[in-house]
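All remarks here apply to the structure that follows.
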Amino acid sequence: MEILVCVKKVPDPAENEIAVRRDGSDIDRDDLVYSVNEWDNYAVEEAIQLVEEHGGSVTVVSVGDEESDEIIRRELAMGADAGKLLDDEAFHYSDGRGVAAILAHAARQAQYDLILTGAQAEDAAAQVGGMLAAMLDLPYASLVVRVEVKEGDKLEIAREIDGGNLEINEIDLPCALSIQTGINEPRYVGIRGIRKTASVEVPVLGAAELGLDPGTVGRAGAKVRKLDYFVPELGQGAEILQGSREEIADQLIARLRGRGVIQ
Amino acid sequence: MLNKIDNALVPPAGTAILGMPMAYVYLLITCAGICLFAYILHKRLRPLLLAAPDPRLDRIGERIGKVARIWLGQWRQPRYLLAGIIHIFIFAGFIILGLRSLQLILMGFWQGASLPGLDGSTGAAYNLVKDYAATWVFVACIIAAVRRGVFRPARYQVPPSLGKDHLGEALLVLGLICALVVSESLFEASLQNAAARSGAAVSASPLTLLWAGRLILGGLGMPTLQAVNSLSYFSHEVVFFFFLCFLPLGKHFHVLTSLFNVFFMRLDRGKVKPVRNGVAEDQLDDLPEFGVSKLEDFTWKHILDFYTCADCGRCSDRCPANRVNRPLSPRFLTIKARDHVCAQYPLWGKTAGAEQELVGGIYSDDELWSCTTCGACEQECPLGIEYIDKIVDLRRGLVDLGRVPQSLQKPLGALEKRGNPWGKSQRNRADWAKALAEEFAVTIAGPKQPVETLYFVGSVSSYDERMQRIAQATARVLRHVGVKFGVLGKAENDGGHEVRRFGEESLFLALRDANTEAILNSGASRIVTADPHDYNALKNDYRGIPPVMHLSQLLSQELERGGLALEQGPYADKTVVYHDPCYLGRHNGLYDEPRRVIDAIPGIRRVEMEGNCRDRSFCCGGGGLALFYEPEEEQRIGVVRVSMAKQSGAQVIVTACPFCLANIEDALKIAGLDQKIEVIDLMELVEQHLPVARRAAAGG
Amino acid sequence: MAPQVFVYVAHRGGQAADPALELLSAARVLSPNGPVIAVAAGHGAGLDQVCRDMAGRCLEVWKLSNEALAYPNAEAIRKCVTGVLPSGAVLLLAHDTLGMDLGPGLSIKLDSPFVSDVVAMDPPQDGVLKLVREEYGGQVSTHLSCDISGGAVLSIRSGAFPASEETAVGEVRDKSPDIGDLSCGRRFIKIVGAEAGDVDITKEEILVSVGRGIEDEDNIEIAEDLAKALGGVVSCSRPIVDAKWLEKPRQVGTSGKTVKPKVYLALGISGSFQHLGGLKGNPFIVAVNKNPKAPIFQVADVGVVDDLLEFVPLLTEIIDNH
């Protein structure tokens, strides 16, 4: 199976406290540490496992900047076979559709049986996978938590829907899927693994190499624009109980009694 | 006595059975036995030659010392008293009787034969000793057999999933040993009785097997004596060569290998072997693989360890992971490996060839991640078998393949990016010092502000709210004794101690190099730390940095030179017990310093966890990355430890390691003992008994 | 000129899903006076009922009935809707698992911009819409502008808009004949229900819910003790299930269970939208969290800023002593 996985470099969610810059133009990126988007990482692991079982290769692609090279290398160290970085000044400030268009051009450069993205990234837009599929006219399913290859060029997949239920579908190859966390247990990649990829070439492709009209992406092509970042005025919110720990506990118990809890 | 015997009996080689001269038979037995033995040894040697290198011929003097103390002196045996004493007797007997057995081979052919040097009065003295030796070996074997067969001590049990019980082999060998000494005694008894009949003056030492033998054979005629003589000799030779060839096939190989295993045993504690001996750090990138994933990746010493295990179970008996039923049992780590070696390199037939993976094959991933590297197993083993290096090597293999538990991947990633396992901002690493701002400013050391003494704080004391109090107490105490110190602040990274021991060598090297640079930039000529894991890392894993001391050592020194006087305080009249942290005590031998400091506080009563203190201290559950790993266990290791503390009657547990503090605090809550027993760090205890503190508390 | 606004109504078992009325309110922001058309796709009596119900809320309801739509297969729905909607239409969807499946691809086929998970919007001006979204798990918000002059697809966060109270006497138009071939590369097979656990949190009135702040599997006992003292049951947020400390049936959230308790104690839960999305009705929410800036304090009724590992055992003790 030839699999293409789209990955994104995002601020590491672990302990980053996200704050807005004073001028509201962006979040404060001073102390941020970046890593591959967690959902995308699950997707890469899934791709690698599929290829381990069924043969083929995994290509990782990212729309980003030169720091995204490290992200791509991390996925190569994990076991992906090739990587491509899609970077061009014309790509900056693309909206979701712009990113999908860039990826679509990259996807058309080869024959892929399966295209994977993470279900969402830090902006929770959850859109690139579906857009990419539609641009390439591939059948699509989102929030996938299980993939099984069936004979005759089909997959059986499970989607995570409300209430913890699973929706089982059959989908034809080639297709695109967006992957939900928890689908597998991604393997560890350490510094040594990444150093071993040092000699692997990760080509950088711009608009020209992708045959893409710059006017359709980037700021020029964006119909959705980010105006600013802000932290909304905190409404009244909860009544924070005051006092010593015991006093607070007593107050809370009084409130609960008032609601009919605790006789 | 026998050396000057008359030809009362025909030597066994001179007899004939059914017309067949026994000389040929004994020649055959001897030659066949030696050849078979040599063949078996050769087969057993083969995997050692294919294994990874391990330089162990350095520091010969120390090695001889180890052999004298641990092998010859059986120094570790009495730690399990009954078994230890039984073994010491059997061991001593073997040493003494070994010569006898060699002598007997010759005596089969020539009456009165003896080994060079063992004639005359030396010979007589030797014979006296050997007769008692044979007797006590016999008695010891009977006691051992009863103990194993009837009383069945728990540590010999074999869980059903791991195969059959080993009792059969144990009883067989005890039986063979008894057969050896009995047959040897009957051989000599018959000889002495025959000689006596011929008028020679021979006497047997009283209450020996020989003496008993002579009684049993008393009154028998010469032909019978001759028959007994020949038969007992025949039995002895057959059993002897059978036993010799049997030894390398099971746990009694240790009889032959123990001397070598102890000679080659590790000389230093607290260190971890390099990724591959003989490969320098700057060549590591060229290695195709790290760690151990197949048998031949182990070093030859490791494989020798597998051969040498006597299956005594002492390691597993003291192992904290095993105690709470995690999947790890050090004993079986070794036994399974030994069986694997024998299966891969069988005595007959071709080498198995098909590589059975080690992890995923004989070992499970969780089995290897369960180890806290406390070192109790290595401390206990009477044969010098090593465990930590093997587990680290196996973990290195897993890390290389990416097989790291999810619960450890996040902290490892955080360590890589932010220098601490919680992923907190490096900018805030010295924020713990802000609480001291009103008292004094903590110097951030660097090229522009060099300091003489560097206080290496460590990740947990820098970021964990509770442990920050240890850092604060340490700073106050250092100031009180007049030490001008500084900290690295945000230039400090995690020491990397557990990173290395969990197999992520590359990340460890990165942390080490970053820290080394920061330390050298600080201008410090010495380093102090309150964290035994950082202490061990800085002392044993790092190179080219100033010497490092644990705070307990520094305080102990100050007490001696009068630089520190402690006053009675809030813990007067409390009974305290000191818990030895693994990396301060067992791995670095610092048992007395913390105790001296506690004892210097007036009014405190200190007790010990008898049988579980000092080098028998029971791990709290592990530090560093061990805090993040989610093991399968029946209870928390720390809970076992606090019940030991409870038994000691203490109201307060004092420890000198932030991880011990964290684990024990949690354990007290889980065990419901947190209202009855308190845990406190040594530095906090000292801080509360400083003269200044008393004045401040009194409102001065 | 006001955009032509359509609202996609998801439904099950003959009932429109809860967000439908909220979508109508959102649609009103886009088109304060113009007509809002509800679109429902499916098959059979259930679909008919839903269309009738929606006709009591908006003036026009488009019914799209086809066997291929018996189960809401996003691929088929996309084909269907694309064939039927006029160009320049603005379509609102709920941001749920169907919305995530359907929205992005639909926007491409309609050649319109797409914005997901909208939490607020201003009326459009000159074909440009100003919207609010959240990022980074709700830690920050952004203002966006979207050019809707050529149409748009917007998915709306559940609960962001109030349920519409408008009534109407509307007409159901059967657009089914306009539906072309709906065969697609994905076919629905079945639903596999979530494992039934030993407890059904959706039926409980008092829930003591734990999040990452519980720190350790062994600490869950603290929550269990409190639940016992209050006569309730322990539930949790997603990270607890991912770590396998509690089973999936205990998870409250959009990918877990939807609960309607009377009292909800959120212990060490930050208050991410996905978690709160599973909390319906109007429970009395008590939040205990060491971080005073945790988003949960925005939605809770009463808050305690404290370490739950210290506070909760004390609370349980006092309750037990009474």
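Annotations for the structure displayed:
- Pairs of Cα atoms farther than 23 Å apart, the range B:419-560, %: 27 percent
- Among the GluC sites (Glu not before Pro) found in the range B:473-514, not one is both in a DSSP coil and sparsely packed, with 10 or fewer other Cβ atoms within 10 Å of its Cβ.
- Taking amide H atoms as placed 1.01 Å from N in the peptide plane, the amide H of A:S35 lies under 5 Å from those of A:V10, A:D12, each 5 or more residues away in sequence or on another chain.
- Lysines whose Cα lies under 24 Å from that of B:K164, excluding same-chain neighbours fewer than 8 positions away: B:K251, B:K336
- Under the Karplus curve 6.51 cos²θ - 1.76 cosθ + 1.60, θ = phi - 60°, whole-Hz ³J(HN,Hα) for the range A:89-97, x wherever Gly or Pro sits: 4, 5, 7, 5, 6, 5, 8, x, 5
- Nearest-0.05 FRET efficiency for B:R269 and B:E452, computed from C-beta distance (R0 45 Å): 0.95
- Per-residue shielding of A:127-136, expressed as the average number of other chain Cβ atoms within 10 Å of the residue Cβ, stands at 6.
- Kirkwood hydrodynamic radius over Cα pairs of the range C:4-178, then Stokes diffusion coefficient at 37 °C and 0.692 mPa s, in µm²/s: 206 µm²/s
- If R0 equals 56 Å, the separation of the Cβ atoms of B:L220 and A:R195 corresponds to a calculated FRET efficiency of about 0.10.
- In loop segments of the range B:127-166 as defined by DSSP, the trypsin sites (Lys or Arg not before Pro) with at most 12 further C-beta atoms inside 10 Å of their C-beta are B:K164.
- Shielding value for A:237-244 is 6, the average number of Cβ atoms from other chains within 10 Å of each residue's Cβ.
- Both radii were evaluated on the Cα set of chain C; the Rg over Rh quotient, with Rh as the Kirkwood radius, amounts to 1.03.
- Descending semi-axes in whole angstrom, ellipsoid equivalent of the range A:2-221, from the Cα gyration tensor: 26, 20, 19
- Taking 4.7 Å between C-beta atoms as the pairing limit, chain B has these partnerless cysteines: B:C31, B:C35, B:C141, B:C178, B:C245, B:C309, B:C312, B:C319, B:C342, B:C371, B:C381, B:C613.
- Treating each Cα of the protein assembly as shown as one equal point scatterer and applying the Debye formula with no solvent, the log10 of I(q)/I(0) at q = 0.05, 0.07, 0.09 Å⁻¹ comes out as -0.49, -0.86, -1.21.
- Here the extension length gained between B:Q635 and B:D165 equals 166.6 nm, from 0.36 nm per residue of separation less the Cα-Cα distance.
- Candidate aspartates and glutamates - alpha carbon under 14 Å from B:K271, same-chain residues fewer than 8 apart omitted: B:E378, B:E386, B:D389, B:D393, B:E498, B:E505, B:D534, B:D541
- The protein assembly as shown - charge dipole about Cα centre, Lys and Arg +1 at Cβ, Asp and Glu -1, debye rounded to 20: 4980 debye
- Remark: mean inter-chain Cβ contacts per residue of B:668-677 equal 1, using a 10 Å Cβ-Cβ cutoff to other protein chain atoms.
- Rel. contact order, % - alpha carbon contacts under 8 angstrom, at least six apart, chain A: 23 percent
- Straight-distance candidates among the lysines for linking to C:K79, with alpha-carbon spacing under 17 Å and chain neighbours fewer than 8 residues away dropped: C:K63, C:K109, C:K175.
- Taking the range B:419-560 as the region of interest, the number of lysine pairs whose Cα atoms are within less than 16 Å, with members eight or more places apart or on different chains, is 4.
- Dipole-positive endmost among B:G563, B:A656, B:G14 within chain B (Cβ charges, Cα centre): B:G14
- Close amide H pairs (under 5 Å, H built 1.01 Å from N) link B:T299 with B:A52, residues at least 5 positions away or on another chain.
- At an R0 of 30 angstrom, the distance between the Cβ atoms of B:D513 and A:D65 translates into a FRET efficiency of 0.60.
- Computed helical MRE - 222 nm, chain B, DSSP H runs ≥ 4 contributing -39500 (n - 2.57), nearest 500: -15500 deg cm²/dmol
- Additional length obtainable on full extension of the chain from B:L401 to B:Q647, 0.36 nm per residue less Cα span: 84.1 nm
- Degrees, to the nearest 10: B:254-263 long Cα axis against longest axis of chain B: 40 degrees
- Gap separating the Cα centres of the range B:182-261 and the range B:22-55, nearest whole Å: 25 Å
- The range B:431-474: chymotrypsin sites (Phe, Trp or Tyr not before Pro) in DSSP loop, at most 16 other beta carbons within 10 Å: B:F440
- The simple spin-label model puts a point 7 Å past each Cα toward its Cβ; for B:E560 and B:L99 those points are separated by 4.5 nm.
- Projected-area mean, the range B:292-403, by convex hull of Cα positions, square nanometres: 6.8 nm²
- Taking amide H positions as modeled 1.01 Å from N, with prolines and chain starts lacking one, the residues under 5 Å from B:G446 and 5 or more places away or on another chain are B:V451.
- Among the listed pairs A:K154/B:K417; A:K8/A:K150; B:K410/C:K190; B:K410/C:K248, those whose Cα-Cα separation exceeds 32 Å are A:K154/B:K417; B:K410/C:K190.
- Using C-alpha pairs under 8 Å with a sequence gap of at least 6, the mean separation divided by the residue count of chain B gives a relative contact order of 12 percent.
- Whole-number percent relative contact order across the range C:201-321, with pairs defined as alpha carbons under 8 Å at least 6 apart: 26 percent
- Label separation (C:A70 vs B:R526): 8.5 nm, computed from points 7 Å beyond Cα along the C-beta direction.
- Percent of Cα pairs in chain B per distance bin of 10 Å, from zero to the largest separation: 3, 13, 21, 20, 16, 11, 8, 5, 2, 1, 0.
- Here the range A:1-117 is treated as a Stokes sphere of Kirkwood radius computed over C-alpha pairs; at 10 °C and 1.306 mPa s its diffusion coefficient rounds to 105 µm²/s.
- Two-decimal Rg/Rh across the range A:137-263, once Rg and the Kirkwood Rh are taken from alpha-carbon atoms: 1.19
Rule-based calculations on the coordinates, nothing more; no lab input. Computed from a prediction, not measured in an experiment: that's the story for all the values here. Methodologically, a virtual Cβ is constructed for each residue, glycine included, from the backbone with ideal geometry; neighbour enumeration extends over all protein chains shown.
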